[in-house]
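A short worksheet on the structure shown next.
The values are calculated or read from the model by the stated rules, or taken from the named source; none is laboratory data. Small disclaimer: the values here were computed from a predicted structure and weren't measured. Here the Cβ positions follow ideal geometry from the backbone for every residue, glycine too, while neighbour counts run over all protein chains shown. Just the protein is used for accessible areas: all its heavy atoms, side chains included, with ligands, DNA and RNA removed. Shrake-Rupley method; radii C 1.70, N 1.55, O 1.52, S 1.80 Å.
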Amino acid sequence: MATTNASAGTNVQEIAEGVYRINTPVDLVPGGFSFNQYLIVDDQPLLFHTGPRKMFPLVREAVESVIPVSELRFIALSHFEADECGSINEWLAVAPQSVPLCSRVAAMVSINDFADRPAHAMADGAELVLGKRSVKWLDAPHLPHGWETGFLMDTRTRTLFCGDLFTQGGVGAAALTREDILENSEAFRKPMDYFSHSTNTRQLIEHLAAEAPGTLACMHGSAWSGDGARLLRALGERLVNDPAQQ
């Protein structure tokens, strides 16, 4: 793991072939928290999530430790929220060939107005070739929140960039773990209950599980390696049996 900013603790580590987690610990909640972004290095590099706007200098510094930021071609987001896309216009400015990447709904309701360049809007199941690999867009409205929500699957490394699913408390000191993250994420979820409890949660979870990810690139906490389909289905069972879902 390489620390790119000692005062903030921002660090970078490769968690799968050509996939780098950028992690910054913060003290927003008791016990600590973290913001992660993921950089896919290929002929057309992609950054998944920007981090909050005020964190832009830290994330830029981290990306620059891997590739020149001007080489970025896609600035992707799961849904429209500050930690997903708060600095998107700053990224579009330093990477002049880049465009936002998001769901069609996100492009329609937010990004094409908010961002300085029009989005590359992806339909459910659509794939985008980055070079040696492709990424596949998976619509997941309201999972965990936001009508426009969706996730990306790197089909080469079987990495699912799963946004706020499996959000964990703590600073995410382990870049990649095989240890249980479900209990940590459930302990973090239940007091705040930031899930929308959609009526089709089970179907949405199965839509993701069917991709059989081997790595879950979580936006808060450690990334996880293992049987991603099993872990997603375990989360689905917790959600559909939650009293808030009844």
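In whole angstrom, how far apart do the alpha carbon centroids of segment 73-125 and segment 151-199 sit?
Cα centroid to Cα centroid, the span is 22 Å.
Multiplying the sequence separation of Ala234 and Glu64 by 0.36 nm and subtracting their Cα-Cα distance, what value in nm do you get?
Numbers: separation 170, 0.36 × 170 = 61.20 nm, distance 3.71 nm.
Contour length minus Cα-Cα distance gives 57.5 nm.
Can you pull the one-decimal nm distance between simple spin-label points at Arg53 and Ala212, each 7 Å off the Cα toward Cβ?
4.4 nm
For the chain, what is the percent of antiparallel DSSP beta bridges, rounded to the nearest 5?
Numbers: 32 of 46 bridges.
Of the beta bridges lying entirely in the chain, close to 70 percent run antiparallel.
So how much accessible area does Arg60 have, in Å² to the nearest 10, using a 1.4 Å probe?
It works out to around 90 Å².
Net charge near Glu81, counting Lys/Arg +1 and Asp/Glu -1 over other residues with Cβ under 12 Å of its Cβ?
Working: positive: Arg53; negative: Asp83, Glu84, Glu148, Asp164.
Local charge sum for Glu81: -3.
What does the helix-only formula give at 222 nm for the chain: each DSSP H stretch with n ≥ 4 adding -39500 (n - 2.57), the total divided by the residues, and the result rounded to the nearest 500 deg cm²/dmol?
On the way: 6 runs with 53 residues, N = 246.
Mean residue ellipticity, 222 nm, calculated: -6000 deg cm²/dmol.
Of Asn200, Phe74, Gly31, which is farthest towards the positive pole of the chain's charge dipole, taken about the Cα centre with +1 and -1 on the beta-carbons of Lys, Arg and Asp, Glu respectively?
Projecting each Cα onto the dipole axis, the largest value belongs to Phe74.
Report the relative contact order of segment 72-171, percent, no decimals, based on alpha-carbon pairs under 8 angstrom and at least 6 residues apart. Intermediate values should be presented prior to the final figure.
Values: 175 pairs, mean separation 22.2, N = 100.
Result for segment 72-171 is 22 percent.
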